[in-house]
Amino acid sequence: MHKEKTIGVLTGGGDSPGINAALRAIVRRALAEPAQVIAFTDGWRGLVEDEGRPLRLTDVSGILHVGGTVLGTSRTNPFRKVTRDGEVHWEPTEKVQAIKETWQRRGLDALISIGGDDTLGVAHRLSAYGLPMVGIPQTIDNDIAGTDYSIGFHSALVTVTDALDKLHTTAHAHHRLLVLEVMGRDSGWIALLGGMAGGADVLLVPESEFSVDTVEEQIRQRLEQGKRFSIIVVAEGATPKELEGRQVTRGEVDAFGHVQLGGIGYWLADQLKARGNLEMTPRVTVLAYLQRGGIAAPFDRLLATRFGVAAVEFALDGQTDVMTGLQGTQVVPVPLGSALAGTPKPLDPELVRVAKSIGLS
C-alpha cells in the first residue's frame with residue numbers, strides 16, 4: 001500500500017472573493033484520492049512558525065460563496081530584497097530554514113499557495129530549495145501572466161459596476177463630475193472593464209500616461225453636447241504627465257518593497273477644480289477594500305473550484321513549480337518562472353481598442 005500523501009495549503013497577500021471556494025475544492029479533491037491536507041494560517045508566516053492544522057470536509061462546508069479566506073493571510077516574506085549592480089535579488093532569511101524544518105516535520109509532499117505575484121514569487125523561489133510548490137493565481141488586479149483570469153477579478157468587476165450604477169443616479173440628478181478611484185497598481189483591468197461595464201465616460205489606466213488637459217477636454221466636449229454630468233474611473237496606479245510619470249503614493253512600503261498607492265482620484269479632482277474651466281465641481285469616491293470584499297461572483301466560484309482541483313492533481317502528478325492557468329476553456333500548468341517573468345500582465349490591446357472605439361481613453 002502506498003503512503004498517503006500530504007499536501008499543504010496557504011493563502012497569502014491581499015484577499016479576494018473566491019479563495020474559500022478554492023480551499024473547498026482542494027480539500028474535496030485531495031480527500032477523494034485520498035490525500036491529507038494541512039492548512040497553514042496567515043500566509044507564509046504559518047509555514048515559518050508551523051501554525052497548521054488538518055483540513056477536513058467539515059472545515060470547508062458552507063464556505064463556497066464566502067469572501068476573504070478562512071485561513072487568514074499576511075504579507076510575510078521569507079526572502080530579503082536587495083539590489084546589486086542595479087539588479088534586484090532575493091536573498092533567503094532565517095525564515096527559509098524554518099520553512100524547511102516545518103516541511104520535514106509535517107511530512108509534506110507538496111504545498112499549494114494561493115495568492116498574487118508576491119505569494120507565487122515566494123513559491124517559485126522556495127522550489128529552488130527542493131520544496132515542491134503549486135500556485136493558484138488570486139488577485140483582483142488580474143495582472144498575473146499565463147492565465148486569462150485570476151480568482152477575484154470578476155467579483156471585483158461586480159463591485160465596480162454596481163458602484164458606477166449607483167453613482168450615475170447622483171451624477172445625473174446633481175449635474176456632477178464624479179471621480180471613482182479603483183485598484184490596479186500596474187495594470188488597468190479593473191478600471192477598463194469595470195468602467196466599460198458601468199458606463200464611465202473617461203477611463204485612466206496605468207498602461208498609458210494621461211494629462212489633465214486631455215481629461216478636461218473630454219469633459220468639456222460632453223458639456224458642449226448637452227451632457228451635464230460625467231464619470232471618470234481612474235486606477236490607483238495611473239500616472240499623470242504633470243507628475244512626470246510618478247504615481248500618487250502614501251509612502252508606506254510593505255515586505256515585498258511595494259509602496260502603498262492611493263490618492264490619484266483626489267489629486268485629479270483638485271487639479272480640475274483649480275483650473276475652474278468646468279461648470280461641474282468634481283467629487284471623489286474611493287472604492288478601496290470594498291473591491292476585495294463580499295461574496296464571490298459565480299464565475300469566481302467556478303474558476304476557483306477548477307483551479308483547486310487542478311492544483312491537487314498537479315501536485316499528485318509531480319507537476320510542481322507551476323501554477324494553474326486558465327487559457328481559453330482549459331486549465332493548464334504554467335511554469336511559475338515564465339508566469340512571473342511576464343508580470344504584471346498588461347491590458348489586452350483588443351480591449352483597449354474597443355474602449356477607444358466608443359470614445360473612452
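Between H89 and D348, the simple label model (points 7 Å from Cα in the Cβ direction) yields a spacing of 4.0 nm. Sorting 319-330, 22-33 by average packing, meaning the other beta carbons within 10 Å per residue, from highest down gives 22-33, 319-330.
Label-to-label distance, E49 versus Y289, with points set 7 angstrom from Cα along the beta-carbon direction: 1.9 nm. Rounded to the nearest 5, the antiparallel percentage of DSSP beta bridges internal to the chain is 35%.
Considering only L120, G72, Q330, the residue lying farthest towards the positive end of the dipole of the chain is G72, judged by Cα position with unit charges set on Cβ.
Look at the dipole of the chain built from charges on Cβ: of P206, L47, P349, the Cα furthest out on the positive end belongs to L47.
Each of the peptides 172-183, 8-19 was scored by the mean count of other Cβ atoms within 10 Å over its residues; in descending order, highest first, they stand as 8-19, 172-183. A crude spin-label estimate for the pair E216 and R275, with each label 7 Å from Cα along the Cβ direction, gives 0.4 nm.
Under 15 Å from a label point set 7 Å out along the Cα-to-Cβ vector of E209, no amide N atom of the stretch 172-197 is found. Largest GNM mean-square fluctuation among A156, A171, A310, using the chain with Cα springs under 10 Å: A171. Each DSSP beta bridge with both residues in the stretch 154-293 is either parallel or antiparallel, and the antiparallel ones are about 10%.
Two tests apply to each whole DSSP H helix in the chain, Cα reach of 24 Å or more along its axis and mean Kyte-Doolittle hydropathy of at least 0.0, and the ones passing both are 153-174, 298-316. Scattering from the stretch 78-155 was approximated by placing one identical point on each alpha carbon and applying the Debye formula without solvent; log10 I(q)/I(0) at 0.19 1/Å stands at -0.89.
With springs only between Cα atoms under 10 Å, which of S61, S187, S127 fluctuates most in a Gaussian network model of the chain? The residue that fluctuates most here is S61.
Amide H to amide H, with H built 1.01 Å from N, G325 comes under 5 Å of V332, V334, counting only residues 5 or more places away or on other chains. For the stretch 154-293, dividing the convex hull volume of the Cα atoms by the residue count gives 102 Å³ per residue. Determine the alpha carbon to alpha carbon distance for each of K5/K100; K241/K273; K241/K345 and list only those over 20 Å. In this structure, K241/K345 exceed 20 Å between Cα atoms.
Placing unit charges on the Cβ atoms only, positive for Lys and Arg and negative for Asp and Glu, gives the chain a dipole magnitude near 640 debye about its Cα centre. Three principal axis extents describe the C-alpha atoms of the chain; from largest down they are 78, 48, 31 Å. Per 0.36 nm of contour for each residue apart, how much would the distance between K241 and K166 grow if the chain were fully extended, relative to their Cα-Cα spacing? That works out to 24.0 nm of additional length.
Each reported figure results from applying straightforward, stated rules to the coordinates on display, with no laboratory input. Computed from a predicted model, the values in this text were never measured in an experiment. All Cβ positions, even for glycine, are placed from backbone atoms using ideal geometry, and neighbour counts span all protein chains on display.
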